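The structure appears below as structure tokens.
The values are calculated or read from the model by the stated rules, or taken from the named source; none is laboratory data. Just so it is clear, the structure is predicted and the values come from calculations on it, not from any experiment. We place every Cβ from the backbone using ideal geometry, glycine too, and count neighbours over all the protein chains shown.
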Amino acid sequence: MSSENKKFKVLVTHPEVSQEGIDLLSHQCEVIICQAAPPVLAEILEKSKGVDALLWGNNKPLSAAVLDAAGPQLKAISTMSAGIDYVDVAEVKRRKIPLGHAPIVMNNAVADTAVGLLLAAARRFHEGRLKIETDNWESGHRNWMLGQDVRDSVVGFFGFGGIAQSVAKRLSGFDIDSVLYTTRRRVSEDIEKEYNAKKVDFDTMLSQSDFVIIASPLTKETAGIFNATAFGKMKKTAVLVNIARGGIVNQQDLYEALKTNQIFAAGLDVMTPEPLPSNDPLLSLPNVVLLPHLGSATQRTRADMSATAAHNVLRGLAGEPMVSPAY
């Protein structure tokens, strides 16, 4: 609290942020909540004036304009997401404002989604539904609609942080053969041993994996890295799963790879743009399973994300290390 014993002001930028986080903040702070859904930047800028902290509950750009609107008294910011590619991190750092996010609490929900997409794409769930809808159920053929086995497969991960490891944990129950992963830094030997995992270069991961799961942040280095060249190095039987950010994949190149059966199938929870237009070419393909970014969309997970962001804000206002700092 300030010397005058006034409550800190915290702006919550989305009216649908789970009540768990709002309640935590309300015990100690004056909470201001934006009312527009989806959020409107003009309202955020107006209501940011004079606040001490931001709980950023949307994926709109968190830029210098927002920081300027808030003013020099701004002491803490937390997003509710794992990814912070929409945050001008360099500018927040330059102003020495603590920044938090909420990656760990969504690991299980996103991992569940990844496994669901992997199975749905590998076993041709969407294509099977289309066969029923168009009266093309061919019950007389033994080799009709054969998919890819998860058992004894090599699963490759682009990024091997908490979410990817949660996916690997779940897939171990499917009797996979091994895990290959591509990261900047090697994980601990204990983690490698637990998941029978091996760090390899990008090309090796692509060429040797039966399933490739994208679980990396979107950065300048990762943007568009899954392109025609990358798809050309993958097995024709390979399945691609993306639960990270759409921008990591060159979507036109993916469309061509799927249309020409250069790779077997894909399961995507993220894409570019979001929302994806209803006339996007990907929607015309039978071998891609698409979800509207539902990875963390469970009541429990969203409540935990809200609470983590609130704890980050409260710690930042108190001058203490955040529960989940972004840097």
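Rundown of residues vs (1) assigned to a loop (DSSP other than H, G, I, E, B); (2) touching a strand residue (DSSP E or B) at 6+ places or on another chain (Cβ under 6 Å); (3) farther than 18 Å from Val89 by Cα, yes/no style:
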position	(1), (2), (3)
Lys9	no, yes, yes
Glu16	yes, no, yes
Gly21	no, no, yes
Ile32	no, yes, yes
Pro39	yes, no, yes
Lys47	no, yes, yes
Val51	yes, yes, yes
Leu54	no, yes, no
Asn59	yes, no, no
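Restricting the stretch 107-139 to residues that are in a helix (DSSP H, G or I) and among the basic types (Lys, Arg) leaves a set whose member that is nearest to Ala168 (Cα to Cα) is Arg129. Applying the set (1) β-branched (Val, Ile, Thr); (2) within 15 Å of Ala297 (Cα to Cα); (3) in contact with a strand residue (DSSP E or B) (Cβ under 9 Å, 6 or more places away or on another chain) to Val110 leaves exactly one unmet item: (3).
Of all the numbered requirements in (1) modelled with pLDDT of 95 or more; (2) of a type in the set (A, V, I, L, M, F, W, C); (3) farther than 18 Å from Gly246 by Cα, Ile104 misses one, and that requirement is (1). Restricted to the stretch 72-87, and to residues there that are under 20 Å from Ala244 (Cβ atoms) and in contact with a helix residue (DSSP H, G or I) (Cβ under 8 Å, 6 or more places away or on another chain), the residue that is surrounded by the most Cβ atoms within 10 Å (Cβ to Cβ) is Met80. Against the numbered list (1) over 21 Å from the mean Cα position of the chain (by Cα); (2) in a loop (DSSP other than H, G, I, E, B); (3) not polar (S, T, N, Q), Asp203 comes up short only at (2). All told, Ser81 falls short of being over 23 Å from the mean Cα position of the chain (by Cα), of a type in the set (S, T, N, Q), at pLDDT below 95 and part of a loop (DSSP other than H, G, I, E, B).
Return the residues of the stretch 209-263 that are part of a helix (DSSP H, G or I) and either of a type in the set (Phe, Trp, Tyr) or surrounded by 17 or more Cβ atoms within 10 Å (Cβ to Cβ) (or both); say none if nothing qualifies.
Across the stretch 209-263, the qualifying residues are Ala230, Phe231, Gly246, Gly247, Ile248, Gln251, Asp253, Leu254, Tyr255, Ala257, Leu258.
Looking only at residues in the stretch 91-118 that are of a type in the set (A, V, I, L, M, F, W, C) and more than 21 Å from the chain's Cα centre (by Cα), the one that is farthest from Leu290 (Cα to Cα) is Ile97.
Among the listed residues Thr237, Thr260, identify the single one that is among the polar types (S, T, N, Q), at pLDDT 95 or above and closer than 18 Å to Phe125 by Cβ.
Residue meeting the stated conditions: Thr237.
Residues of the stretch 174-208 that are exposed (fewer than 14 other Cβ atoms within 10 Å of the Cβ) and either hydroxyl-bearing (Ser, Thr, Tyr) or within 12 Å of Ser153 (Cα to Cα) (or both): Asp175, Asp177, Ser188.
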